[in-house]
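K.L.:
Before I ask anything, let me first share the structure, which is written out below as structure tokens.
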Amino acid sequence: MNKMKSIGVFDSGYGGLTVFKSIIKELPDYNYIYMGDNARAPYGDHSFETVYQYTLECVEWLFSQNCQLVILACNTASSKALRTIQQKVLPVKYPNHRVLGVIRPTAEVIGAHTKTKTIGVMGTRGTVNSESYPIEIEKFFPEVKVVQQSCPMLVPLIENNEHLTTGADHFIKKYLEELMAKAPDLDCILLACTHYPLLIPKLELFVPPNIELLSQGEIVSSSLKKYLSNHPEIESEIGKTGERIFYTSGDTETFDVSASLFFGKVVKSKHIHLQC
């Protein structure tokens, strides 16, 4: 166990690395542990109970590595597991620990990104079916209309490095057309999956110029910075030597290749065994 505390960053796979990249850019001095549950990914089509159990196991593992604060850099885990962990697990077992997600920080600011008061959400089946974004956005911007589109083929395309090929165009255009047909006046599309920023070069080919593509990395990193400023009792405990350790429940060689693509730098990971 590390003597100094670290900030834990969790995702079911690689997508959280796009958020982690933004966090490090905003807060480079802190110590971090990134953990990807690649052996059991993707989470998007799993049941609520399965995602909750997997997420809790990974969060508790990060707690065991002296991470008092864990960021769920995964929309599926945030939508299906975060609230239960926050309300039922932490108060009983880990009263001094905190787990934060990516949905609420996004919902808190998204209203500023639309003039027509109509937003589109692209995500996995799990995130879309949870209705988490419409529910959370309504709390902060009740006047905003939210339409959603599940995009089940996009994560497999990205993780197989096929997302920028012409073969991906059919699915990208299909999902965009279906989304925009639901609300022709939308002027902002939230990329509600941390994989999707890698699709921006393709999406920009098919999205009208009046529509903003909104990814979550900068939103989450800015929210984390504010959180640490507001909670000095947690911030003061975190090591500040710039240490970054990567773990995966999958094959480390495979992880390192894909993770380096998402993270933008060479990644060298360690393997952890999780109950399957």
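K.L.:
Compute the long axis of helix 252-263 from its Cα atoms, compare it with the longest principal axis of the Cα atoms of the chain, and write down the angle in degrees, 0 to 90, nearest 10.
P.N.:
Approximately 60 degrees, to the nearest 10.
K.L.:
Turning to a different aspect of this structure: With all protein chains present and a 1.4 Å probe, how do 115, 5, 139 order by accessible area, largest first?
P.N.:
Accessible-area ranking of 115, 5, 139, largest first: 115, 139, 5.
K.L.:
Let me ask something else about it. Can you compute the helix-only [θ] at 222 nm over the chain? Use -39500 (n - 2.57) per DSSP H run of at least 4 residues, normalise by all residues, nearest 500 deg cm²/dmol.
P.N.:
Taking each H run of at least 4 residues, the total per residue is -12000 deg cm²/dmol.
K.L.:
While we're here: Could you check how much of the accessible area of the range 162-275 is carbon and sulfur, as a whole percent, using a 1.4 Å probe?
P.N.:
Carbon-and-sulfur percentage of accessible area, whole number: 53.
K.L.:
With an 8 Å Cα cut-off and a minimum separation of 6 or more residues, compute the relative contact order for the range 147-257 in percent.
P.N.:
22 percent
K.L.:
Take the Cα atoms of the range 42-103, find their three principal axes, and give me the spread along each one in whole Å, biggest first.
P.N.:
Principal-axis extents of the Cα atoms in the range 42-103, largest first: 31, 20, 19 Å.
K.L.:
Next up: For residue 174, list the lysines whose Cα falls under 23 Å from its own Cα; do not include residues on the same chain fewer than 8 positions away.
P.N.:
145, 182, 202
K.L.:
Show me the GluC sites (Glu not before Pro) within the range 116-176 that DSSP assigns to loop and that have at most 10 other Cβ atoms within 10 Å of their Cβ.
P.N.:
Counting only loop positions with at most 10 other Cβ atoms within 10 Å, the GluC sites (Glu not before Pro) in the range 116-176 are 143.
K.L.:
How large is the accessible surface of residue 186 in square angstrom, using a 1.4 angstrom probe and rounding to the nearest 10?
P.N.:
About 0 Å², rounded to the nearest 10.
K.L.:
Can you work out the accessible area per residue across the range 1-133, with the rest of the protein chains kept in place, probe 1.4 Å, in square angstrom?
P.N.:
Per-residue accessible area for the range 1-133 comes out at 38 Å².
K.L.:
What are the principal axis extents of the Cα atoms in the range 1-121, in Å, biggest first?
P.N.:
Result for the range 1-121: principal-axis Cα extents of 50, 36, 29 Å.
K.L.:
Taking every pair of alpha-carbon atoms in the range 69-116, give the share separated by more than 17 Å as a whole percent.
P.N.:
41 percent
K.L.:
In Å and whole numbers, how far do the C-alpha atoms of the range 132-176 stretch along each principal axis, longest first?
P.N.:
39, 18, 13
K.L.:
Based only on Cα atoms, what mean projected area does the convex hull of the range 152-276 have, in nm²?
P.N.:
11.1 nm²
K.L.:
Sticking with this structure for a sec: Can you give the alpha-carbon Rg of the chain over 2.2 N^0.38 Å, where N counts its residues?
P.N.:
That ratio works out to 0.96.
K.L.:
Whole angstrom only: what separates the Cα centroid of the range 43-99 from the Cα centroid of the range 223-249?
P.N.:
17 Å
K.L.:
As a test question: what accessible area, to the nearest 10 Å², does residue 4 have when a 1.4 Å probe is rolled over all protein chains in place?
P.N.:
90 Å²
K.L.:
Among the lysines, which have Cα under 23 Å from the Cα of residue 226 when same-chain residues fewer than 8 positions away are ignored?
P.N.:
5, 21, 25, 139, 240
K.L.:
When the accessible area of the range 16-95 is split by element with a 1.4 Å probe, what percent falls to carbon and sulfur?
P.N.:
It is 50 percent, rounded to a whole number.
The values are calculated or read from the model by the stated rules, or taken from the named source; none is laboratory data. All of these numbers come straight from a predicted model, not from anything done at the bench. Neighbour counts are summed over all protein chains in view; Cβ atoms, including those assigned to glycine, are modelled from backbone coordinates with ideal geometry. For accessibility, only protein heavy atoms count, side chains too; no ligands or nucleic acids. Shrake-Rupley method; radii C 1.70, N 1.55, O 1.52, S 1.80 Å.
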